[in-house]
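As structure tokens, the structure follows; a few thoughts come after it.
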Amino acid sequence: MIHVLFFAQLKEVFGQSSYDLNIETPCSVAQLKQALIAQNPNWAESLSGKTIMCAVNQSMVEDSHIINDGDEVALFPPVTGG
């Protein structure tokens, strides 16, 4: 099981801050996003963009990063400052 955390706009759009996903591991971040979309088709627009950032176990990663069972994955939109 992968524990997925949603932050900022994703949390608001999805109406929840986390989601436990049963997925065969190891898998890539891209595969995890596709599995989330398969289980929640209305999330497709928010998750399919290249701008969604990801951290696995609190380290920033790319979509090709491999996730293992028990990992914590955080998804969030780009952050701007000012």
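Quick notes on this structure:
- Where Phe76 falls short, out of the listed (1) in contact (Cβ under 8 Å) with a residue 60 or more places away in the chain; (2) touching a His at 6+ places or on another chain (Cβ under 8 Å): (2)
- Selection status of Val56, in contact (Cβ under 8 Å) with a residue 60 or more places away in the chain and not acidic (Asp, Glu): no
- The single condition among (1) of a type in the set (Gly, Ala, Ser); (2) in contact (Cβ under 8 Å) with a residue 12 or more places away in the chain; (3) more than 15 Å from Val4 (Cα to Cα) that Ala30 does not satisfy is (3).
Values in this text are rule-based calculations from the coordinates and carry no lab data. Remember, it's a predicted structure, so these values are computed and weren't measured experimentally. So basically every Cβ, Gly included, is an ideal-geometry build from the backbone, and we count neighbours across all protein chains shown.
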